[in-house]
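A.B. asks: Let me give you the structure first, and then I'll get to my questions.
The values are calculated or read from the model by the stated rules, or taken from the named source; none is laboratory data. Please read these numbers as outputs of a predicted model, since none were measured by experiment. Note that we place each Cβ from the backbone using ideal geometry, even for glycine, and neighbour counts take in every protein chain shown.
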Amino acid sequence: MNNSRWTFGALYSLLTALLFVSVIVSVRLGAIDLSYGQILDYTLSALGFSSSSPLNTLQQGVFMQIRLPRVLLCAVVGAALAVSGTLMQALFRNPIVEPGLVGTSAGAAFGAALVFVLGKSIGASYSDLLGSLALPVAAFAGGLVATLAVYRIANTQGKVTVATMILAGVAVNAIFTSGTGFLAYIARDPQARSITFWSLGTFSGADWKAVAIVAVTTVVGVLLALRYAKALNALLLGESEAAYLGVNIQHFKTIILLLNTLIVATATSMVGVIGFVGLVTPHLLRLIKSADNRFLIIGSALLGAIVLIAADTLARTLIAPAELPIGVITSFVGAPVFLWLLVRQKSQSQGGFYA
Amino acid sequence: MLEQILPEQPILEPRTALQARELRVTLGGNEILRGITTRFEAGKVSMILGPNGSGKTTLLNVLAGELTSGSGEVLYGEQRLTTKNRSQLARVRAVLAQHSELAFPLTVEEVVMMGRYPHFVLKPTRHDTEICAAALEQIRMMDFRRRNYLTLSGGERQRVHFARVLAQIWEAPQHSEHTSHTLSQNGTRYLFLDEPISFLDLKYQHEFLHTARELAAQNTAVVAVLHDINLAAQYGDAVLVLNHGCVVAEGAPHAVLKPELLWNVYGVRSTQVSAAGINSPFFVTYG
């Protein structure tokens, strides 16, 4: 809407600053509270500077091996999910789409669960690297199948029917969720517990390897998506209009679908299904400033990271020392927003959501 | 003696900008276009007329290069249209469709800027911004430039898309050594309009068609699907009448449009009347 007095640059700076603050605050809070001084000391020592004060090795371990990777994983996963929401909303030309709704996440979770449960029973002797790649690859395949199915069903003759899309999403979600449930049933106990936990997402297993894998695909995904920002905007006008503006529609849609599945599947294979971040984040950005996809992609990456860090901080502090599944928090906030959007779409059939 | 001194006069033949040869399209088992061969000239506004389902929009889509499933060929200048020269085509050819499904809160300015997308890579240049402003000025919607597109009326939305389309082909393509515009000989531009005035009030209908004529005068081939016979006759240099996917008549409006044709094609009775100040044929229809 561009009704804000903030310039794009100012908003990016503000979001970056907020992201920085939320990382620091989130790192500090938890079962063991750290002080800002400690955070500074540990960070400096991790960067190779010697510290003047003696370091508490237990707390340093908590910070370096548990807290920091977890918060950073939240940031990259949040960015991945929010950017995916932006891409899917442009692809489906509808602002109520997100990876959790159209089955991408559920499909990816099923693919990952398949590797998780069957991988060991097959007894495949893959090396560590191959093993850690099998998970995202299977998740990618599952997510792609699910997204393609919903997209094919909802998109007839260049038009996306909202009702069909949501119903197809429900059905595809059900298929993959029941598949994951079945795997949990046949799995041996400790595995099963982690799979069920997955359906609502968890960051408790965060480590540096997961951070690295998700960070690489997300950064690559965002940079590639930015190259297509113009075409994403043009697609908002409709497929033939975009073609008249020189966009190679089939080629472009395939690339966006693959790109989107890549970033969602990688994130999902590490932390499970987390809904509604991809829905709420682009929506907020449109209300704040603009529906231009270039802005939405950059903005979603930053704001999605902030949103998920905040949600995870709540998840592990609300009922500390126990921990809520993070999906509980995001759905609790996101689902009402989704319903509100749906009601507005119904009541303003002429103007759409944002009139 | 004189003949030898004076250079030979160029033959002032009307320039064919766009040709359709034996276009046949079948959609969903129905033959929509049944072998259409015709030509359109730069500098002229050509109106496509015909009853509902006669293939007008399909023909427009084929000419504009969107629909490629049929047989036959479309030539821009001498160049055959293929899917390979899509991005080149987008710089010389613009299309205003019947309706757009934009459901996101973009500003009017942002929508018009989309017309410049084929011309810049990542960010619009100052030149692109100036062209968008000029296009908005042309349709007199400069005051709307920061408005949310979704809050506009149907007619206002249509005018915004017209500005977008104008911005897309605002200038004749620049000839450079690296990019030869084979689709646009002598800098010809192409504008396709599909029922462009359906949501506009009377004043803007005339303003719109007037702007289309002005653009045609700047070496542009304008091809429009129109429902209003009288406006087509008033603003068209040529009309092409379709029925059941075939060309039933083509030529200048006064030569083609007759009560008999309206009866044969539309099944309506009509009387040709004369109105003060209007030289084109004018009809009162009775149904």
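A.B. asks: It is to be established whether one or more residues within region B:57-76 are touching a Phe, Trp or Tyr at 6+ places or on another chain (Cβ under 7 Å), closer than 30 Å to A:R227 by Cβ, among the aliphatic types (A, V, I, L, M) and assigned to a loop (DSSP other than H, G, I, E, B).
C.D. replies: yes
A.B. asks: Restricting the search to region B:135-156, which residues are more than 10 Å from chain A (Cβ to nearest Cβ), out of contact with any Phe, Trp or Tyr (no Cβ under 7 Å at 6 or more places or on another chain) and either closer than 18 Å to B:R116 by Cα or in a loop (DSSP other than H, G, I, E, B) (or both)?
C.D. replies: Correct list: B:L136, B:E137, B:Q138, B:R140, B:M141, B:M142.
A.B. asks: Mind checking which pairs have a first residue in region A:248-276 that is farther than 15 Å from A:V214 by Cβ and a second that is assigned to a helix (DSSP H, G or I) and acidic (D, E), Cβ under 9 Å, 6 or more apart or different chains?
C.D. replies: A:I249/A:E239; A:K253/A:E239
A.B. asks: Do we find a residue being over 19 Å from A:L118 (Cα atoms), within 13 Å of another protein chain (Cβ to nearest Cβ), modelled with pLDDT under 90 and surrounded by fewer than 16 Cβ atoms within 10 Å (Cβ to Cβ) anywhere in region A:204-217? Working first, answer last.
C.D. replies: To start, the set of residues in region A:204-217 that are over 19 Å from A:L118 (Cα atoms) comprises A:204-217.
The next check asks that each one be within 13 Å of another protein chain (Cβ to nearest Cβ); those that pass are none.
No - not one qualifying residue is present in region A:204-217.
A.B. asks: Given the structure, is B:E101 in a loop (DSSP other than H, G, I, E, B), within 12 Å of another protein chain (Cβ to nearest Cβ), touching a residue at least 12 places away in the same chain (Cβ under 8 Å) and not β-branched (V, I, T)?
C.D. replies: On the way: in a loop (DSSP other than H, G, I, E, B): yes; within 12 Å of another protein chain (Cβ to nearest Cβ): yes; touching a residue at least 12 places away in the same chain (Cβ under 8 Å): no; not β-branched (V, I, T): yes.
It is false that B:E101 is in a loop (DSSP other than H, G, I, E, B), within 12 Å of another protein chain (Cβ to nearest Cβ), touching a residue at least 12 places away in the same chain (Cβ under 8 Å) and not β-branched (V, I, T).
A.B. asks: If A:A17 satisfies all but one of (1) farther than 27 Å from B:V111 by Cα; (2) surrounded by 24 or more Cβ atoms within 10 Å (Cβ to Cβ), what's the number of the condition it fails?
C.D. replies: Only one criterion in (1) farther than 27 Å from B:V111 by Cα; (2) surrounded by 24 or more Cβ atoms within 10 Å (Cβ to Cβ) is unmet by A:A17, namely (2).
A.B. asks: I need a count of the residues in region A:326-355 that are within 30 Å of A:D33 (Cα to Cα) and modelled with pLDDT under 85. Break it down into steps so the answer makes sense when it comes.
C.D. replies: Our first condition is that a residue be within 30 Å of A:D33 (Cα to Cα); within region A:326-355, this holds for A:326-334.
Filter once more, keeping what is modelled with pLDDT under 85: none.
Within region A:326-355, residues that are within 30 Å of A:D33 (Cα to Cα) and modelled with pLDDT under 85 number 0.
A.B. asks: Report yes if some residue within region A:301-320 is among the hydroxyl-bearing types (S, T, Y), surrounded by fewer than 24 Cβ atoms within 10 Å (Cβ to Cβ) and over 23 Å from B:A103 (Cα atoms); otherwise report no. Working first, answer last.
C.D. replies: Start the filter on region A:301-320 by keeping residues that are among the hydroxyl-bearing types (S, T, Y), which leaves A:313, A:317.
Next, from what is left, pick out any that are surrounded by fewer than 24 Cβ atoms within 10 Å (Cβ to Cβ): A:313, A:317.
Okay, now just the ones that are also over 23 Å from B:A103 (Cα atoms), so A:313, A:317.
Within region A:301-320, one or more residues are among the hydroxyl-bearing types (S, T, Y), surrounded by fewer than 24 Cβ atoms within 10 Å (Cβ to Cβ) and over 23 Å from B:A103 (Cα atoms).
A.B. asks: Next up: Mind listing whichever residues of region B:188-212 are in a helix (DSSP H, G or I) and within 14 Å of B:I139 (Cα to Cα)? Step through it out loud before you land on a result.
C.D. replies: Looking only at region B:188-212, we keep the residues that are in a helix (DSSP H, G or I), and these are B:202-212.
Matches in region B:188-212: B:K203, B:Y204, B:Q205, B:H206, B:E207, B:F208, B:L209, B:H210, B:T211, B:A212.
A.B. asks: Next question. Assess whether B:V160 counts as being under 15 Å from B:A97 (Cα atoms), in contact (Cβ under 8 Å) with a residue 40 or more places away in the chain, within 14 Å of chain A (Cβ to nearest Cβ) and part of a helix (DSSP H, G or I).
C.D. replies: Values: under 15 Å from B:A97 (Cα atoms): yes; in contact (Cβ under 8 Å) with a residue 40 or more places away in the chain: yes; within 14 Å of chain A (Cβ to nearest Cβ): yes; part of a helix (DSSP H, G or I): yes.
Considered against the rule, which asks whether it is under 15 Å from B:A97 (Cα atoms), in contact (Cβ under 8 Å) with a residue 40 or more places away in the chain, within 14 Å of chain A (Cβ to nearest Cβ) and part of a helix (DSSP H, G or I), B:V160 comes out as yes.
A.B. asks: Test each condition in (1) within 12 Å of the chain's Cα centre (by Cα); (2) within 21 Å of B:V268 (Cβ to Cβ); (3) not hydrophobic (A, V, I, L, M, F, W, C) for B:R213 and report the one that comes out false.
C.D. replies: So B:R213 meets the others, but not (2).
A.B. asks: Kindly indicate the residue of region B:252-287 that is of a type in the set (G, A, S) and under 23 Å from B:N52 (Cβ atoms) and also surrounded by the fewest Cβ atoms within 10 Å (Cβ to Cβ) among those meeting that condition. It would help to see each step written out before you state the result.
C.D. replies: Quick first cut of region B:252-287, residues of a type in the set (G, A, S) only: B:252, B:255, B:267, B:270, B:274-277, B:280, B:287.
Filter once more, so that each one left must be under 23 Å from B:N52 (Cβ atoms): B:267, B:270, B:287.
Values: B:G267: 9, B:S270: 19, B:G287: 7.
In this case the residue turns out to be B:G287.
A.B. asks: For A:V71, work out the one condition from (1) in contact (Cβ under 8 Å) with a residue 12 or more places away in the chain; (2) surrounded by fewer than 24 Cβ atoms within 10 Å (Cβ to Cβ) it doesn't fulfil.
C.D. replies: Result: A:V71 fails condition (2) only.
A.B. asks: Residue check: is A:F49 outside any helix (DSSP H, G or I), without any contact (Cβ under 8 Å) to a residue 60 or more places away in the chain and surrounded by fewer than 22 Cβ atoms within 10 Å (Cβ to Cβ)?
C.D. replies: Values: outside any helix (DSSP H, G or I): yes; without any contact (Cβ under 8 Å) to a residue 60 or more places away in the chain: yes; surrounded by fewer than 22 Cβ atoms within 10 Å (Cβ to Cβ): yes.
Answer is yes for this residue.
Matching residues to (1) outside any loop (DSSP other than H, G, I, E, B); (2) surrounded by fewer than 22 Cβ atoms within 10 Å (Cβ to Cβ); (3) within 14 Å of chain A (Cβ to nearest Cβ):
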site	(1), (2), (3)
B:N85	yes, yes, yes
B:V95	yes, no, yes
B:E109	yes, yes, yes
B:R116	yes, no, yes
B:L122	no, yes, yes
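A.B. asks: Let me ask something else. Could you check B:E73 against (1) without any contact (Cβ under 8 Å) to a residue 60 or more places away in the chain; (2) more than 20 Å from B:R39 (Cα to Cα) and say which number it fails?
C.D. replies: B:E73 satisfies all of (1) without any contact (Cβ under 8 Å) to a residue 60 or more places away in the chain; (2) more than 20 Å from B:R39 (Cα to Cα) except (2).
A.B. asks: Residues B:T37, B:T129: which one is more than 9 Å from chain A (Cβ to nearest Cβ), farther than 18 Å from B:L215 by Cβ, part of a strand (DSSP E or B) and over 16 Å from the mean Cα position of the chain (by Cα)?
C.D. replies: Within the list B:T37, B:T129, the selection yields B:T37.
Per-residue answers, yes or no, for (1) within 14 Å of chain B (Cβ to nearest Cβ); (2) closer than 22 Å to A:V27 by Cβ:
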position: A:I274; (1), (2): no, yes
position: A:G278; (1), (2): no, no
position: A:A291; (1), (2): yes, no
position: A:G299; (1), (2): no, no
position: A:I306; (1), (2): no, yes
position: A:A310; (1), (2): no, yes
position: A:I319; (1), (2): no, yes
position: A:P325; (1), (2): no, yes
position: A:A335; (1), (2): no, no
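A.B. asks: Out of A:L87, A:L81, which single residue is within 14 Å of chain B (Cβ to nearest Cβ), at pLDDT 90 or above and not in a loop (DSSP other than H, G, I, E, B)? Show your work before the answer.
C.D. replies: On the way: A:L81 fails: within 14 Å of chain B (Cβ to nearest Cβ).
Among A:L87, A:L81, only A:L87 is within 14 Å of chain B (Cβ to nearest Cβ), at pLDDT 90 or above and not in a loop (DSSP other than H, G, I, E, B).
A.B. asks: Quick one: in region A:222-253, of everything that is in a loop (DSSP other than H, G, I, E, B) and more than 7 Å from every other protein chain (Cβ to nearest Cβ), which residue is surrounded by the fewest Cβ atoms within 10 Å (Cβ to Cβ)? Give the derivation first.
C.D. replies: As a first pass, look at region A:222-253 and keep what is in a loop (DSSP other than H, G, I, E, B): A:228, A:236-238, A:245-248.
The next check asks that each one be more than 7 Å from every other protein chain (Cβ to nearest Cβ); those that pass are A:228, A:247.
On the way: A:Y228: 21, A:V247: 25.
That would be A:Y228.
A.B. asks: Any residue at all in region B:233-243 that is part of a helix (DSSP H, G or I), farther than 21 Å from B:H99 by Cα and touching a Phe, Trp or Tyr at 6+ places or on another chain (Cβ under 6 Å)? Spell out how you get there, then give the answer.
C.D. replies: Step one: list which residues in region B:233-243 are part of a helix (DSSP H, G or I), which gives B:233-235.
This time we only want the ones that are farther than 21 Å from B:H99 by Cα, so: B:233-235.
If we keep only those that are touching a Phe, Trp or Tyr at 6+ places or on another chain (Cβ under 6 Å) as well, we get none.
No: zero hits.
A.B. asks: What number of residues within region A:133-155 satisfy the criterion of being more than 18 Å from the chain's Cα centre (by Cα) and of a type in the set (G, A, S)?
C.D. replies: Number satisfying all stated conditions: 3.
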